[in-house]
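These notes are about the structure you will find just below.
No lab work stands behind these numbers, since they all come straight from the coordinates. These numbers were taken from a predicted model, which means no experiment stands behind them. Virtual Cβ from ideal backbone geometry, glycine too; neighbours counted across all protein chains shown.
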Amino acid sequence: MEQPKITTVIFDLGGVLVDWNPEYLYAKIFDEIKMKWFLRTICTQAWNIEQDAGRSFEKGCSLLAREYPEYSREIWMFFERWEEMLKGEISDTVMILKELSNLNKVTLYALTNWSAETFPIAKQRFEFLKLFKGIVVSGEENTRKPFSEIYEIILERYSLEPGHCLFIDDSRDNVSSAKSLGINALHFTNPDQLKQDLRKLRLL
């Protein structure tokens, strides 16, 4: 059976178009071994993703600081110095995004796990975000990928047909969740592979 024509491409942001990593900040605070321990044990990915899902940094940092009072100062840095974790855009992927925009074959959207409190920093910093017709930010929706609810939000908000959408994300779990809803999806590993995949789909 012929695959439906893709008319919409939905990009993840962090890890695909934006280089964000807590290590960029905490390498300034700790030696490498202590930094790895701190991010694995205290300011963990599981803790941070609750802010992506709508919890305030005030609440998240307060909870951790009570549990680890000896690291209170370093915990609060996660919010107060958050911008230092934001290295910049992933330029080769941004070039692909711009090429898609210029070709005008598809409509572009973004679906990101990102705190509502820190996303305005990205909006101010990254000009390429203006290429998207719409952006759904998990922290503003109080849910996150890979939960099906957030995919349904972007589909309903912009009247998108799942079978005509292509979703690009660096998380296999997020890609699998999109596919379970009938959305075509690509697991992002690097810009060169993405370009090859998009060429196979005749989008580039």
When the helix-only estimate is applied to the chain (DSSP H runs of n ≥ 4, each -39,500 (n - 2.57), divided by the residue count), what is the mean residue ellipticity at 222 nm, nearest 500 deg cm²/dmol? -13000 deg cm²/dmol
Contour minus Cα-Cα distance for S176 and Y24 (0.36 nm per residue): 51.8 nm
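Using the structure shown, select from K105/K130; K87/K130; K5/K133; K179/K200; K28/K145 the pairs with a Cα to Cα distance greater than 25 angstrom.
Working: K105/K130 17 Å; K87/K130 19 Å; K5/K133 19 Å; K179/K200 18 Å; K28/K145 30 Å.
Pairs exceeding the cut-off: K28/K145.
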Can you tell me the Rg and Dmax of the chain, counting just the alpha carbons, in angstroms? 17.9, 61
Give me P(r) over segment 20-86, computed from all C-alpha to C-alpha distances, binned every 5 Å, as integer percentages. 4, 18, 30, 31, 14, 3, 0
Place a +1 charge on the Cβ of each Lys and Arg in segment 20-86 and a -1 charge on the Cβ of each Asp and Glu, then give the dipole magnitude about the Cα centre in debye, rounded to the nearest 20. 140 debye
For segment 20-86, calculate the relative contact order in percent as a whole number, restricting contacts to Cα pairs under 8 Å that are 6 or more residues apart. 47 percent
Principal axes first, then extents: for the Cα atoms of segment 64-141, list largest minus smallest coordinate on each axis, whole Å, largest first. 54, 26, 16
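Under 8 Å for C-alpha pairs, at least 6 residues apart: give me the relative contact order for the chain, rounded to a whole percent.
In percent, rounded to a whole number, it is 28.
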